[in-house]
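Below you'll find the structure, written out as structure tokens, and then a few comments.
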Amino acid sequence: MSDYQSNWAGSLQYHARHVIRPRTLEELQEAVASADRVKALGSRHSFSDIADTDGVQISLDRMDHVLSLSDAAAGPSVTIEGGLAYGPLCDYLNAHGWALPNMASLPQISVAGACATATHGSGVRNGSLATPVSAITVVTADGSLREIQRGDADFDGAVVGLGALGVVARLTLDLTPAFEMRQDVYEGLPLAAAQDRVDDIMGAAYSVSLFTDWRGPRFTQVWLKSRVGDDRPAIDLAGAAPAVKNLSPLVHSPENCTQQLGVIGPWHERLPHFRMGATPSSGCELQSEYFVARDDAPAALGGVASLADRIAPLLQVCEVRAIAGDQHWMSMAYGRDSAAIHFTWIRDADAVGALLPAIEERLAPFAARPHWGKLFDVDPQALAARYPRHGDFRALTDRWDPGRKFGNAFLDRYVMF
């Protein structure tokens, strides 16, 4: 089976007639213009059918170059092609003295795909990976280019575009000077302590992740990623003990994980959980994730904990992270500072599918928004009501793609119904 016939984990088979891999912008424009149905295919790290189509999939993995690096008066920025992944981009930026403000757990994912789905890392002051985007160039249905930048009327609707508006060929991202970090891991944080002091704990470092297997009322691991030179606030972790060796949040060997134990290193080798050259996560999994307002995190965690006996047998690991609110219409963190509860499941689609409605029922009082690229079972009408700009996004899709060239079953269910 070709890599392009399924998602990264092999849990979802695509229905595309064929895959086109253009090398140039002109080839991309021609491919889009000549197809009747098109979906962009990023790094295939989605577990939902958001990138599926019965038409043509376009992979930009050959359009993976840095186009320019600017230190203009308006602020430093980098412009890249849509197929570039975070790993090589961050290597390039660090070598030139620059950094992105945050990264996801996996450096293997594509920048364009991550931004289009508001994928994220962690940190109470860190927005999703779409937050640094200041401009995008989109190939629209007739093959023409549409450039849009921060401040334009449609910008906040277009950046987290869910693949509905066209193929993102180029992005410009804001940068910050490169920095060094350390990563410290603690074991055994009681759930009650995390609920009582969620803001203090999630704000204890530049980026914080809490991991649990839900086999007991505690977080098995707390990962603190701190910038060197920043004040590190004293934090009471309720008896959680510093790890004495590198750990993995999964039951696998930590050799695939980034360096811990307080060893100082560059930002892009500490912000992700997994190293660029290693197998990301477990490689055999399903994933779901739900966003709630950060103020609701303690109660939401309590709701999930009430299902612990059903969750634990199907779970590889659960991670809780913080994301700063943003103004991107279809971002899961739109309009509210958020906490995300992420589940990495064993690959049992039937059992996981049967459990998701129960989890979503517990999280419904908090207007939980599922990650667009993960598995979920929320009613489309209920989901739309949780996005104040949902109607505006639908209207934007109507304007940009009236013929539904970039439509698919996923968008029909959750956007264009």
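Read the figures in this text as sums done on the coordinates, not as results from a lab. Everything quoted here is computed from the prediction, not taken from an experiment. Because the Cβ atoms are built from the backbone with ideal geometry, glycine has one as well, and the counts that use them run over all protein chains shown.
Couple of notes before you dig in:
- Cβ-derived FRET efficiency at R0 25 Å, Glu147 paired with Arg62, nearest 0.05: 0.70
- Our summary of shape: the Cα atoms of region 135-203 have principal axis extents of 56, 29, 21 Å, ordered from largest down, in whole angstrom.
- Ratio of Rg to Rh for region 321-383: 0.97 [Cα atoms; Kirkwood radius as inverse mean 1/r over pairs].
- Only alpha carbons enter this Debye calculation for region 347-417, each as an equal point scatterer, and the log10 of I(q)/I(0) it gives at q = 0.22 Å⁻¹ is -1.02.
- Measure of compaction for region 75-227 (Cα Rg per 2.2 N^0.38 Å): 1.20
- For region 117-140 versus region 1-56, the gap between their alpha-carbon centres in whole angstrom: 22
- Computed from point charges on the beta carbon alone (+1 for Lys and Arg, -1 for Asp and Glu), the dipole magnitude for the chain about its Cα centre is near 200 Debye.
- Only Cα pairs under 8 Å and 6+ residues apart enter the sum, and on that basis the relative contact order of the chain stands at 18 percent.
- Rg/Rh for region 1-103, where both radii come from Cα atoms and Rh is the Kirkwood radius: 1.04
- Each semi-axis of the equivalent ellipsoid for region 263-376 is √(5λ) with λ an eigenvalue of the Cα gyration tensor; in descending order they amount to 23, 21, 13 Å.
- Of the residues Met63, Gly75, His390, the one whose Cα sits farthest towards the positive end of the charge dipole of the chain is Met63 (charges of +1 on Lys and Arg Cβ, -1 on Asp and Glu Cβ, taken about the Cα centre).
- Candidates Val320, Val167, Val66, ranked by Gaussian network fluctuation over the chain, Cα under 10 Å, top entry: Val66
- Note on Glu180/Asp295: beta-carbon distance plugged into 1/(1 + (r/R0)^6) with R0 of 25 Å gives a FRET efficiency of 0.15.
- Counting all C-alpha pairs of region 189-244, share separated by more than 12 Å (%): 65
- Rg and Dmax over the alpha-carbon atoms of the chain stand at 20.4, 62 Å.
- Against the chain, whose longest principal axis comes from its Cα atoms, helix 390-400 is set at around 30 degrees.
- C-alpha long axis of helix 86-95 to longest principal axis of the chain, angle in °: 80
- Each Cα pair under 8 Å and six or more residues apart adds its separation to the average, and for region 240-305 the resulting relative contact order is 23 percent.
- Measure of compaction for region 31-79 (Cα Rg per 2.2 N^0.38 Å): 1.62
- Here each label is just a point 7 Å from Cα along the line to Cβ, and for Arg17 and Arg347 those points are 3.0 nm apart.
- Angle in degrees between helix 349-363 and the longest Cα principal axis of the chain, rounded to the nearest 10: 70
- Where only alpha carbons of region 180-380 are counted, the Rg and the Dmax (Å): 16.4, 48
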